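Here the structure is laid out as structure tokens; the discussion comes afterwards.
Please treat every number below as a calculation from the coordinates, not as lab data. All values reported here derive from a predicted model rather than from experimental measurement. Ideal geometry is used to build each Cβ from the backbone, glycine not excepted, and the neighbour counts take in all protein chains shown.
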Amino acid sequence: MLYQRQCEIFWQFPEGGPTENITEPILTLNGHHRKVTFVEFNPVAELLAVSASADGTCKVWDCKLGDEVGTYDCKTLPQDLHWNYSGNLFCVSTKDKMNRIFDPRENHVAGEWCAHDGAKCAKMVWLGDSPRVITTGFNRGSQREYKMWDLRSLRKPICGESLDQASGTLFPFYDPDTCILYLAGKGDGNIRYYEVKESSLYGLSQYSSTVSARGLHLLPKKACDVNRCEIARIMKLTSKGDVEPLPFYIPRKFEGYQPDIYPPTYAGVPAMSNEEWRCGQNSNPLLMSLEPGNPVLSKTEFKTWDIDSAPKATTPVSPTPVNPQPLSPEPTGHTPSSPRSNYIPKQGKMTVEEVEEEMEILMKRLEFLNETLQELKKENAKNL
């Protein structure tokens, strides 16, 4: 797939990869009036894609028929574009500091809000099938920051953190299988990663490199080596023009496929036809097992929730800090079910909801510590 001037051009690679140069595209879609900047395929419907252009519009395409399904006004230059988990909504981050969620089949804006005060580029990512998203951008002091939002109440973020003064765009990548968020900066060599909980993020670690990144992409879980406990692989385009794979592992004593760290993952197979999608049907993506030789397909139940369509600006809040602990420069995984000890509680006067939220976090932390204590006692007993 190539974005070229006002059109999108698609090529098809043969199974097993190309053995010679491919010179003829299988499809060319024309419709935008300026440069196309983003294209993303729907995760559920067959050969359905959304594109964004510098002409300030998004278009949904039926790539099977080569038809335009609809055009949606973004008001200004799009800076990011993503379908949600179930492929019934898409979100656009735009240059006017707004995030807009479109329901393409109803042809309306389901919700919009201002996520960051800075004028530089902002990005976003959906948090799996939950009603929450992560946005990254800049504050008024030109510091890079992230915020977590609940789409059912967009008046203020759930949590957030100001990170550093670097000028490069902060790219968010989320793995719904392990609930790990990766934040990678353009123009620097660092990748922070966090465990995502209902209302907070726990810093896990940080990958550091002296080689800066021009672009990054999180590969599908099928690309990971499950026999080596690899849970993620990010492809990094370096400032030298090289493509560098960055694998992330969960340290285990024994290698080989271990099902407890590999829940069913996105299969990359359509769950419905584009005709069914256009008729209003909904579905979650098809999932597959990563067990070698047993790619069983499954699907979770489709969930729906109401988006808060009222706010167009947000009340400034003080972000809750999360401090990731720097480890070795080798990217390593962390068991995603363990709350971290570097949680920092809120200070000062709190509302009833905030107190209940703090108590819930502390109860989970206490439960985890009790489980850890029992496991350590068992190990000590075996060694006696």
Checklist entry - What does the helix-only formula give at 222 nm for the chain: each DSSP H stretch with n ≥ 4 adding -39500 (n - 2.57), the total divided by the residues, and the result rounded to the nearest 500 deg cm²/dmol? => result -3500 deg cm²/dmol
Item to check | Set Lys95/Lys197; Lys240/Lys299; Lys120/Lys299; Lys120/Lys222; Lys59/Lys147; Lys95/Lys299 screened for pairs whose C-alpha atoms are more than 32 Å apart | outcome: Lys240/Lys299; Lys120/Lys299; Lys120/Lys222; Lys95/Lys299
Next on the checklist: For a protection proxy built on the mean count of beta-carbon atoms within 10 angstrom, sort 79-89, 297-307 highest first, please.
Outcome noted: 79-89, 297-307
Item to check | Relative compactness, the range 1-120, computed as alpha-carbon Rg over 2.2 N^0.38 Å | outcome: 1.12
Item to check | Descending semi-axes in whole angstrom, ellipsoid equivalent of the range 198-267, from the Cα gyration tensor | outcome: 24, 16, 13
Checklist outcome for this item: Taking only the alpha-carbon atoms of the chain, the convex hull volume per residue, in cubic angstrom, is 167 Å³
Next on the checklist: For a protection proxy built on the mean count of beta-carbon atoms within 10 angstrom, sort 63-70, 279-286, 239-246 highest first, please.
Outcome noted: 279-286, 63-70, 239-246
Checklist entry - Under a plain spin-label model, where a point goes 7 Å from the Cα along Cα-to-Cβ, how far apart in nm are Cys114 and Asn282? => result 3.1 nm
Checklist entry - Once the Cα atoms of helix 352-383 and of the chain are each reduced to a long axis, what angle between those two axes, in degrees from 0 to 90 to the nearest 10, is obtained? => result 60 degrees
Checklist outcome for this item: When Arg233, Arg34 are ranked with the fewest other C-beta atoms within 10 Å first, the list becomes Arg34, Arg233
